[in-house]
1. Using the Cα centre as the reference, give the magnitude of the dipole from point charges on the C-beta atoms of the range 1-145 (Lys, Arg: +1; Asp, Glu: -1; all else neutral), rounded to the nearest 20 debye.
2. Suppose accessible area is computed on protein heavy atoms with a 1.4 Å probe; arrange Thr59, Thr131, Thr36 from highest to lowest.
3. Calculate, in nm to one decimal, what Glu57 and Asn112 gain on full extension: separation in residues at 0.36 nm each, minus their alpha carbon distance.
4. What is the percent carbon and sulfur in the accessible area of the chain, measuring with a 1.4 Å probe over the protein chains and ignoring ligands?
5. Across the range 47-64, in residue order, what do the Karplus-derived ³J(HN,Hα) couplings come to in whole Hz, using 6.51 cos²θ - 1.76 cosθ + 1.60 with θ = phi - 60° and x for Gly and Pro?
6. Send over the semi-axes of the chain's equivalent ellipsoid, whole angstrom and largest first, taken as the square roots of 5 times the C-alpha gyration tensor eigenvalues.
7. What residues of the range 25-47 lie in the reach of a label at Asp157, counting those whose backbone N is under 13 Å from a point 7 Å from the Cα along Cα→Cβ?
8. Using a simple spin-label model with points 7 Å from Cα along the Cα→Cβ vector, what separation in nm is obtained for Glu123 and Val82?
Amino acid sequence: MALRKVIYPGTFDPITFGHVDIIKRAMDLFDEVIVTVARNPAKTSLFTVGERLEMLEVTLKDFPNVRVDAFDGLVVDHARAVGAVGIIRGLRAISDFEFEFQMALMNRKLSNGLKTIFLMPHEKYTYLNSTIIRNLAQFNADISDFVPHIVIEKLKDKIKPESLKKKNSIM
Ligand code: ADP
């Protein structure tokens, strides 16, 4: 029987335990999960694609049926190119729903039927996103409950005191 692969596309700027939770759930359902760093020109990212891939690779190194890659372009084209049967997305709250619903229907239309599978994380991750992590890191908050060790290290390297002075945040 053919292996059932899915792709899990996202920005992963940086990866959090919310993403890891979704990846574990997808691993229970499919033979292979391809975690794909999407280069999104509309979003300014803190980490380069290479840095994001490195953090994903280190975090997911012991997950046997998970592979990491990056792509430019339409998610549906990448899904087709790697032979995926569907796209995994995480749903945290109602606020995610409208955007995800639009994207799932558009991707279905563009791909002639590719399925989007929505998975919900553990409740403790429902309020977590990468933006909050980047903001907390600027102020040296303890983020160890939310991100892997490699991410804490990379954030320390990336966010230097001078950027701390320049940036304003409510957190
Ligand atoms: P973010 O929205 O945090 O910037 P991404 O663009 O990297 O994240 O998200 C990729 C996918 O992972 C999206 O489907 C997003 O809804 C989902 N996701 C992100 N954070 C979480 C979380 N804490 N729990 C569940 N799903 C999540």
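The values are calculated or read from the model by the stated rules, or taken from the named source; none is laboratory data. Just so we're clear, the structure is a prediction, and the values are computed from it rather than from any experiment. For neighbour counting, all protein chains shown are included, and Cβ atoms are generated from backbone atoms with ideal geometry for every residue, glycine included. Note: accessible area is taken over every heavy atom of the protein model, side chains too, but ligands, DNA and RNA are not part of it. Shrake-Rupley method; radii C 1.70, N 1.55, O 1.52, S 1.80 Å.
1. On the way: 17 positive and 18 negative charges, 97 e Å.
Its charge dipole is roughly 460 debye.
2. Working: Thr59 30, Thr131 70, Thr36 0 Å².
Order by accessible area, largest first: Thr131, Thr59, Thr36.
3. On the way: separation 55, 0.36 × 55 = 19.80 nm, distance 3.15 nm.
So the extension gain works out to 16.6 nm.
4. On the way: 5590 of 10020 Å².
Answer for the chain: carbon and sulfur cover 56 percent of the accessible area.
5. Values per residue, Gly and Pro as x: 9, 6, 4, x, 5, 5, 5, 4, 5, 5, 4, 5, 5, 9, 5, 9, 8, x Hz.
6. Values: eigenvalues 159, 58, 48 Å².
Taking √(5λ) for each eigenvalue gives 28, 17, 16 Å, largest first.
7. 47
8. My value for the distance between the label points is 3.3 nm.
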